1. Within the stretch 113-135, restricting attention to residues that are assigned to a helix (DSSP H, G or I) and touching a helix residue (DSSP H, G or I) at 6+ places or on another chain (Cβ under 9 Å), which residue is modelled with the highest pLDDT?
2. Looking only at the stretch 157-171, count how many residues are free of Cβ contacts under 8 Å to residues at least 24 places away in the same chain and under 12 Å from E60 (Cβ atoms).
3. Any idea how many residues of the stretch 36-48 are farther than 20 Å from S107 by Cβ and under 16 Å from the mean Cα position of the chain (by Cα)?
4. Residues in the stretch 21-48 that are within 27 Å of C76 (Cα to Cα), aliphatic (A, V, I, L, M) and either at pLDDT below 55 or open to solvent by less than 40 Å² (accessible area, probe 1.4 Å) (or both): how many?
5. Considering only residues that are surrounded by 18 or more Cβ atoms within 10 Å (Cβ to Cβ), in contact with a Cys (Cβ under 8 Å, 6 or more places away or on another chain) and of a type in the set (A, V, I, L, M, F, W, C), which ones fall in the stretch 49-58?
6. Residue check, T106 against (1) at pLDDT 90 or above; (2) outside any helix (DSSP H, G or I), all met but one. Which one?
7. Please specify each residue of the stretch 77-103 satisfying the condition of being under 22 Å from A41 (Cα atoms) and at pLDDT below 90.
8. Looking only at the stretch 59-105, how many residues end up being in contact (Cβ under 8 Å) with a residue 60 or more places away in the chain and either surrounded by 15 or more Cβ atoms within 10 Å (Cβ to Cβ) or of a type in the set (D, E) (or both)?
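The values are calculated or read from the model by the stated rules, or taken from the named source; none is laboratory data. These figures come from a predicted structure and were not determined experimentally. Cβ placement follows ideal geometry from the backbone for every residue including glycine, while neighbour counts extend to all protein chains displayed. Please note that ligands, DNA and RNA were not included when accessible areas were found on the heavy atoms of the full protein model with its side chains. Shrake-Rupley method; radii C 1.70, N 1.55, O 1.52, S 1.80 Å.
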Amino acid sequence: VAGDWRRLLALVVGTWYSPGIFSGLLSLNKGYKGNLDALDALQLVEKTAGSLVDVRTENEKENSGQPDLPRQFRNCYLDVGYARDWLTPDVLKLSKDKSVLECKATSTVIADLRRINGNKRQPVIVLDSSDDGRAKMIAKTLTSEHGFKKVFIVNGGFSSWKQNKLPFVPPQNGRGTRRTLFF
């Protein structure tokens with residue numbers, strides 16, 4: 001029949017493109033939600049009691065300070081640090097790409113924290129020092145490998161936090177003031 005070739009073509013094209021279309025639709029509500037401005041991140045923590053996870057290195061925190069959340073939300077600040085501080089050089093040598101290993105190790109620690117692991121639908125906001133890609137890689141690992149549904153990063157990191165004049169505890173004598181690591 002003359003019109004059947006059009007139906008056949010439509011069937012072939014539909015079959016070819018349907019996996020991409022369906023996976024795109026299914027991924028719309030998954031994990032990594034993108035960047036938040038520092039003020040939006042603080043408001044999200046206050047509104048939802050989400051977790052603000054600090055993944056800066058000890059040196060970065062000692063030189064710049066730490067966020068100071070309002071008293072009722074201080075337990076929402078989780079100072080995890082970055083794997084570069086606690087992975088041994090021997091372990092780092094075994095990896096082809098040490099930055100990927102550091103991000104995956106850091107995201108695994110975050111995923112195992114009691115405060116976060118109980119509810120993978122609560123917002124998790126990852127804070128690094130600036131936009132060096134570390135927070136984005138950790139956020140994407142939290143969503144793809146650990147199943148978190150709402151992961152954001154602070155656009156501009158802690159530098160943006162300070163530039164927006166949000167409350168922070170300044171470093172004292174080159175040392176951060178508190179360390180709240182929950183395992």
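1. Ranking the qualifying residues of the stretch 113-135, first place goes to A135.
2. Qualifying residue count, the stretch 157-171: 0.
3. 4
4. Total meeting the criteria: 7.
5. L52 - this is the single residue of the stretch 49-58 that is surrounded by 18 or more Cβ atoms within 10 Å (Cβ to Cβ), in contact with a Cys (Cβ under 8 Å, 6 or more places away or on another chain) and of a type in the set (A, V, I, L, M, F, W, C).
6. The one condition T106 does not meet is (2).
7. G81, Y82, C103 - these are the residues of the stretch 77-103 that are under 22 Å from A41 (Cα atoms) and at pLDDT below 90.
8. Adding up the residues that qualify gives 14.
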